[in-house]
Amino acid sequence: MRNWIAALALTALAGCGSESGSPSGEAAAPQRTLARSNGTHNELTVICPENLWQASAGLAVAEVLGAPADGLPQAEPRFGIIHTVPEKVNSLLRKGKSMLSIEVIPDSTAVLEVTDAFARPQLVIQVIAPSAEALPQVLAEVLPQLATRFAAHDAKVLQTNLRRRSQKPLPSAVRALGVSDMLLPEGFVVTLSKPGVVVLRNETKKSLQYLILTRSASDDSPTPEADVIKDRDALLRRYFEGPEAKSHLATELLVPPSQMAYTAPGGHRALRTIGLFKTVGGFGGGPFLNHRVFDDTRGIVGTADALVFAPSTKKRKLQMELDEVAASVRWGDVPKKP
């Protein structure tokens, strides 16, 4: 059944271009030699006939998949949308990392998916509606789910890319904090190491990135969500001075941060907070991401807080990367001193 679905999902794409061979489903994937897919971790190629795109599909895709991402100072789309029509799909476009095909086939309604169809890693999803009139309703129902699916694919691809360029071994100050593993990109260097806190900095041509790692004892606080903001503001006030006298960094509360509870690896409770920081008594700010893990087994709270200052460039891709970096931190036992 899975092979049949995979073959159907590629019906519209297989006839576009001249690449030989066709996928035979997930079971055959390991035996196929595929080129590396094209595109970075927030790009999405949408294949849709022009008449459908202009009538309803383009607006529906823009409103859901192209909606502004949370936690950015200026509006940037969640996915960078690249639209093309089926007859213009060539061998290069078919190697896109993330692809969405929208079609009308009379008397048919389906959402079909296949991975690594023409390149690796790749996710191809095809949405089929029975008529142009029915397409808006079909898209309204499925696009929110597809946004989650494409985001998960982006995260997986990004994790793989980060793993290739992560520091091994981790800096000694990070390991001394009890971090057993994390995806720490090359370029991050320790600028502060004190009991319970390590600050790392990465300066590039267009951005300044910080990662704050803290470890504290569990206190069974009844307000863990509020504690995230209180604790990070205390750290920012203490260790991050602004450019003007008596200025410092702080969480921007005029645009309230958003928070989401989830389960971290190992079954631990975790809280993800995303928002903006500002300079109190000065100018400047940007996005931040905070992942806090409540390790009841060890009786600790481990926090990874990432922030980026990049005034002259778009920040969505950096935001996504730092989100995965902060989420990748694994808290273990503090190494015993020799």
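A short reminder: the numbers here are calculations on the coordinates, not readings from a lab. The structure presented is a predicted model; accordingly, all values stated were derived computationally and were not measured. No Cβ is skipped: glycine too gets one built from the backbone with ideal geometry, and neighbour counts run over all protein chains shown.
The trypsin sites (Lys or Arg not before Pro) of the stretch 108-184 meeting both criteria, a DSSP state outside H, G, I, E and B (loop) and at most 16 other C-beta atoms within 10 angstrom of the site's C-beta, are R165. Between the exposed loop cleavage positions of the chain, defined as GluC sites (Glu not before Pro) in a non-H, G, I, E, B DSSP state with at most 15 neighbouring beta-carbon atoms within 10 angstrom, the longest gap is 20-132. When only Cα pairs below 8 angstrom with a gap of at least 6 residues are kept, the chain shows a relative contact order of 15 percent. For Q54 and A234, a Förster radius of 51 Å and the Cβ-Cβ distance give a FRET efficiency of 0.45, rounded to the nearest 0.05. When the alpha carbon gyration tensor of the stretch 248-294 is reduced to an equivalent ellipsoid, the three semi-axes, largest first, read 27, 9, 7 Å.
Over the stretch 224-312, Cα pairs under 8 Å with separation of 6+ residues give a relative contact order of 22 percent. Pairs of alpha carbons in the chain separated by more than 28 Å make up 50% of all such pairs. Do any of K206/K314; K246/K278; K168/K194; K205/K317; K194/K337; K230/K278 go past 18 Å between their Cα atoms, and which? Where the Cα-Cα span goes over 18 Å, the pairs concerned are K168/K194. Using only Cα coordinates, the Kirkwood hydrodynamic radius of the stretch 170-331 works out to 16.0 Å. Taking 0.36 nm per residue of separation and subtracting the current Cα-Cα distance, fully stretching the chain between S312 and R201 would add 38.1 nm.
Extension gain, D181-K156: 0.36 nm per intervening residue step, less the Cα-Cα distance, totals 7.3 nm.
Computed from Cα positions, the angle between helix 316-327 and the longest principal axis of the chain comes to roughly 60 degrees.
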